[in-house]
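The values are calculated or read from the model by the stated rules, or taken from the named source; none is laboratory data. Just so you know, these numbers come straight off a predicted model, no measurement behind them. No Cβ is skipped: glycine too gets one built from the backbone with ideal geometry, and neighbour counts run over all protein chains shown.
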């Protein structure tokens, strides 16, 4: 498959991305759109894809709900296909990321160096620019196996690739068909991809094209939460903590005191505007936001090859049980999670054993080490 060349507006967007990298503790950088466009490696990528329209489901909504976030989906046919999972870099040189705002749900998990990475899940939505994409880790297949999703990574240590394959998770790697590299960022933070291409390659390889067997959580009228969760602090490591602040309508993300932004992708309407040399394309940064933050605590351990080949990496045990927190509307509902294998979804329960119900809406799921501190106020 050949991926078409980036539009000038999209190239400019990626150029802005390369200018915005920096230390986690640095103040937000003000940037000016560039008119001189640098060359790109490989053939580039097609223009952005607008996701199918969604809206929060209510008792009066007749739209079928997304199994990943409970929101109503207008294009019902999009619910009958596979989920695509994409491993996204979260090193400070990878920020601001592109395309994660199109994801139907996002997992966050710990990797080495005290950093985290994301797994962006696309079911009824797509984007033709997602990244930067990074390598696989042992926890990844335990989060996507029950979804039946192929996993797009940049690569992995051989023993990690074997472990992922052992779960029956199909891997998409950096093979030039679903991904491409840009020159405006330095490796390894310069690999991007298209979920449209990922779906096409998955079809060509004969990967299953089935939707998730059930919703990832119980969505509906949420379990009543306690007030006092307008700021949620996740102390992942000795790196600056991740803070989510409730604005009255959504939770917005900070790394320490620095807003964590993503690069807004040009819409189809933007691409129809004049992008000649005399017109600077509008490239905007927006702060990462979510309606609901689900935090599932898990035991951290160091995973390694049984043969001793390669290096050990941190992992999280997502089979068993742990504490669950559902933050929404400046409130928090507490309970537990449990499951007996990676083939099952996480079952969230209240103290009396009844379901811990999650509200429909944009959702961010943090698989959080149980020896670290999560706090709110």
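Counting only residues that are modelled with pLDDT of 55 or more and in contact with a helix residue (DSSP H, G or I) (Cβ under 9 Å, 6 or more places away or on another chain), how many does the stretch 259-278 have?
5
Pairs needed: first member in the stretch 116-128, in the same structural domain as residue 85 (by TED's automatic domain parsing) and on the phi > 0 side of the Ramachandran plot; second member anywhere, buried (at least 24 other Cβ atoms within 10 Å of the Cβ) and part of a strand (DSSP E or B); C-beta distance under 8 Å; at least 6 residues apart or different chains.
As it stands, the answer is none, since no pair meets every condition given.
One line per residue, one yes/no per condition, for (1) more than 15 Å from the chain's Cα centre (by Cα); (2) within 25 Å of residue 203 (Cβ to Cβ):
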{"site": "109", "(1), (2)": "no, no"}
{"site": "117", "(1), (2)": "no, no"}
{"site": "134", "(1), (2)": "no, yes"}
{"site": "138", "(1), (2)": "yes, no"}
{"site": "153", "(1), (2)": "no, yes"}
{"site": "160", "(1), (2)": "yes, no"}
{"site": "165", "(1), (2)": "yes, yes"}
{"site": "174", "(1), (2)": "yes, yes"}
{"site": "186", "(1), (2)": "yes, no"}
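Say whether the condition of being outside any loop (DSSP other than H, G, I, E, B) and farther than 29 Å from residue 295 by Cα is met by at least one residue in the stretch 165-176.
no
From the list 114, 176, pick out the single residue that is modelled with pLDDT under 95, within 27 Å of residue 260 (Cα to Cα), out of contact with any helix residue (DSSP H, G or I) (no Cβ under 7 Å at 6 or more places or on another chain) and surrounded by fewer than 24 Cβ atoms within 10 Å (Cβ to Cβ).
114
Which is more than 23 Å from residue 317 (Cα to Cα), crowded, with 20+ Cβ neighbours inside 10 Å and at pLDDT 95 or above, of 151, 143, 147, 191?
Answer to the check: 191.
Tally time: how many residues in the stretch 205-229 are under 24 Å from residue 146 (Cβ atoms) and either surrounded by fewer than 21 Cβ atoms within 10 Å (Cβ to Cβ) or within 21 Å of the chain's Cα centre (by Cα) (or both)?
Residues meeting the conditions: 17.
Which residues, taken from the stretch 329-348, are in contact (Cβ under 8 Å) with a residue 24 or more places away in the chain and farther than 23 Å from residue 232 by Cα?
342, 343, 344, 345
Consider the stretch 288-328. How many of its residues are in a strand (DSSP E or B), touching a residue at least 40 places away in the same chain (Cβ under 8 Å) and out of contact with any helix residue (DSSP H, G or I) (no Cβ under 9 Å at 6 or more places or on another chain)?
16
Six or more apart or on different chains, Cβ atoms under 7 Å: show the pairs whose first residue is in the stretch 153-171 and on the phi < 0 side of the Ramachandran plot and whose second is assigned to a strand (DSSP E or B) and surrounded by fewer than 19 Cβ atoms within 10 Å (Cβ to Cβ).
153/171; 161/171; 164/171; 165/171
Could you list, in sequence order, the residues of the stretch 236-255 that are at pLDDT 95 or above and surrounded by fewer than 16 Cβ atoms within 10 Å (Cβ to Cβ)?
247, 248, 249, listed by residue number.
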